[in-house]
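Step one of this worksheet: look at the structure below.
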Amino acid sequence: MRDAESIPSLSQLKVSQAGLRAFQRVGDFVKPTTRFIQSFGHHATRAKLSIDLMQLRTLLSGDKIQVDLTLDNGYVILEIGEGRVLGLGLYIDGVVSSQLPGKEIRGLMVSDVG
């Protein structure tokens, strides 16, 4: 990589922004990004839902899960096992739907957990 022809021209570029996008507006909600939640979600004290492997498989298949939470409608942090943060679910009136990055979770997380 050091000897690549493009390195001298790239070194002239100036970075205007650097960082990790944390939130985006989605409809009526402000949605944390998956990367932000996977990096910092373990610090959350509210809006967390621990799920088991069967519930994870249900979500990944595109189905929803019924849960009994005392939360307002919105995004919840989904975790499995010993507080392992997977990403987000959308909680609406007692039902959670997956907002998980399917390919990433299927390939990386499920094989680790199951």
Globularity ratio of segment 17-113, using Cα Rg and 2.2 N^0.38 Å
1.03
Given H placed on each backbone N at 1.01 Å, which residues far from Leu86 in sequence or on other chains put an amide H within less than 5 Å of it?
Leu78, Glu79, Ile80
Approximate spin-label separation Asp93-Ser39, in nm, with each point projected 7 Å along Cα-to-Cβ:
3.6
Excluding residues fewer than 8 places away in the same chain, name every one of the lysines whose C-alpha is closer than 21 Å to that of Lys103.
Lys31, Lys64
Of the peptides 18-25, 49-56, how do they stack up when ordered by the mean number of other Cβ atoms within 10 Å, highest first?
49-56, 18-25
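None of the figures in this text is laboratory data; all of them are computed from the coordinates on show. What you see is a predicted model; the values in this text were computed from it and never measured. Using ideal geometry, Cβ is built from the backbone for each residue, glycine included, and neighbour counts are taken over all protein chains shown.
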